[in-house]
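The values are calculated or read from the model by the stated rules, or taken from the named source; none is laboratory data. Predicted model, so just to flag it, every value in this text is computed and none were measured. Backbone-built Cβ (ideal geometry, glycine too); neighbour counts: all protein chains shown. Surface accessibility is based on the protein's heavy atoms, side chains included, excluding ligands, DNA and RNA. Shrake-Rupley method; radii C 1.70, N 1.55, O 1.52, S 1.80 Å.
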Amino acid sequence: MIGTQRLRVLQQVARQGSLAGAARALEYTQPAVAHHVAELEREVGTPLVVRHGRGVRLTEAGAALAVHADAVLSRLAAAQDEVAAIAGLRSGRVRIAAYPTAAATLVPVALVALRSAHPDVAATLAEQEPPEALAALRAGEVDLAITFRYPEGPPEQGQGLVVHPLGDDPIDIVVPAGHPHAGRARHALADLAGETWVAGCARCRAHLLAAGERAGFTPDVAFTTDDFVTQQALVAAALAVAAMPRSTLGAHADPGLRAAACPDLGARQVEVVVAGDRPPPAVAALRDRLVAAARAAGDAPGDASG
């Protein structure tokens, strides 16, 4: 039977690309890592790594086993958390990945509610855009991912992922306070065809470009940044205009800009994603509080979930 310790060693060799890197990550000696790999190869009866430059690479068999190692170790961690949390969530953990706006708005509200009800549940947060957050969830590196997608994007599915909608986040047009269109209550995207744009993450840029194409032009995206505060600063300085999710303006609104609705841009769908339909109690508890936080934000005047 393959031991979990050796699976952890193989997992780190795959991630680090070298025995030395795996040793550092695990706080082992390099000879100990080499010994575990050799013993694992003996157990499975085939080579799992080969030397490659200054490091190593996995063989086909090694790569296949590493995929299963991720799944096995993730399920073991989930089992340990669930067993520890059976007695009324007096312990447990939940590891969160969330895109920046959700990390600044939904997550704090939900974590305050979770801590109030279950003060001994530990939580960690990694700020990640949806593709990275979902990859971390599939690899078992986080327990819950807060993501968004646009209508043209397919729903997240496969590998046991379960998606819970948190609501729509409308996309507004943001212009400098001195812009000729600053006083408008609603924008038509085509009216801004000649503008210079600042855009956010890859998904947001793709949505802006697709909407511009439908409106008959290609937005001139001169600035790209995932930081919505930087986006707003560029707009306030009259260097660009932007298409920004309304939730970002709820998190931070530079006084030097003006925002208004743009039906041509629609909305993005905000979601919380977990692995399996029966996640550990701590994960389920935070998921439910995120749903409640999003509902409360959606019910507040002028706010939107996400």
What ³J(HN,Hα) values, in whole Hz, does the Karplus curve 6.51 cos²θ - 1.76 cosθ + 1.60 give for region 271-278 when θ = phi - 60°, with x put for Gly and Pro? 9, 10, 10, 10, 9, x, 8, 10
25 °C / 0.890 mPa s Stokes-Einstein diffusion coefficient of region 148-306, Kirkwood radius on C-alpha pairs, µm²/s: 148
With +1 at each Lys and Arg Cβ and -1 at each Asp and Glu Cβ, the charge dipole magnitude of the chain around its Cα centre, to the nearest 20 debye, comes out at 600
Using a 7 Å offset from the Cα along the Cα-to-Cβ direction at both Gln5 and Ala237, what is the distance between the two label points in nm, to one decimal? 5.5
Please express the Cα-Cα pair-distance distribution P(r) of region 1-88 as a list of whole percents, one per 5 Å bin, running from 0 to the bin with the greatest distance. 3, 15, 25, 23, 16, 8, 5, 3, 2, 0, 0
Thinking of region 1-47 as a set of Cα atoms, what percent of all their pairs are more than 14 Å apart? 41
Can you give me the C-alpha center-to-center distance between region 37-82 and region 143-179, rounded to a whole angstrom? 34
Using a 1.4 angstrom probe with every protein chain in place, what is the largest-first accessible-area order of Met1, Met244? Met1, Met244
Rounded to the nearest 10 degrees, what's the angle between the helix 30-44 long axis and the longest principal axis of the chain, both from Cα atoms, 0 to 90? 80
Please name whichever of Leu65, Thr4, Ser91 sits farthest to the positive end of the charge dipole of region 1-106, dipole taken about the Cα centre and charges placed at Cβ: Lys and Arg +1, Asp and Glu -1. Ser91
Could you give the length gained by full extension between Arg24 and Ala63, i.e. 0.36 nm per residue of separation minus their alpha carbon distance, to one decimal place? 12.0 nm
Can you check how the C-alpha radius of gyration of region 183-259 compares to 2.2 N^0.38 Å, as a plain ratio? 1.02
Relative contact order computed over region 157-306 (Cα-Cα under 8 Å; 6+ residues apart), in percent: 42
When DSSP assigns beta bridges and you keep just the ones with both residues in the chain, what percent turn out antiparallel, to the nearest 5? 65
Under the Karplus relation with 6.51, -1.76 and 1.60 and θ = phi - 60°, whole-Hz ³J(HN,Hα) for region 143-155, x at Gly and Pro, equal 9, 8, 10, 9, 10, 9, 8, 9, x, 6, x, x, x
Return the ratio Rg/(2.2 N^0.38 Å) for the chain, where Rg is computed over Cα atoms only. 1.20
Using a/c under 1.5 as the rounded threshold, could you call region 35-173 rounded, prolate or oblate? The axes a ≥ b ≥ c are square roots of the C-alpha gyration tensor eigenvalues, and prolate needs a/b larger than b/c, oblate otherwise. oblate
Heavy-atom surface of region 196-239, accessible at 1.4 Å and reported per residue (Å²): 47
So what is the relative contact order for region 173-246, in percent, with contacts set as C-alpha pairs under 8 Å and at least six apart? 47
Length-normalised contact order of region 1-158, Cα under 8 Å, at least 6 apart, in percent, tallies to 19
Please list, by residue number, everything in region 249-271 whose backbone N is under 13 Å from a paramagnetic label point 7 Å out along Cα→Cβ of Asp191. 259-264
If you take the alpha carbon radius of gyration of region 108-226 and divide it by 2.2 N^0.38 Å, what ratio comes out, to two decimals? 1.37
Sorted by packing (mean other beta-carbon atoms within 10 Å per residue), highest first, where do 163-175, 220-232 land? 163-175, 220-232
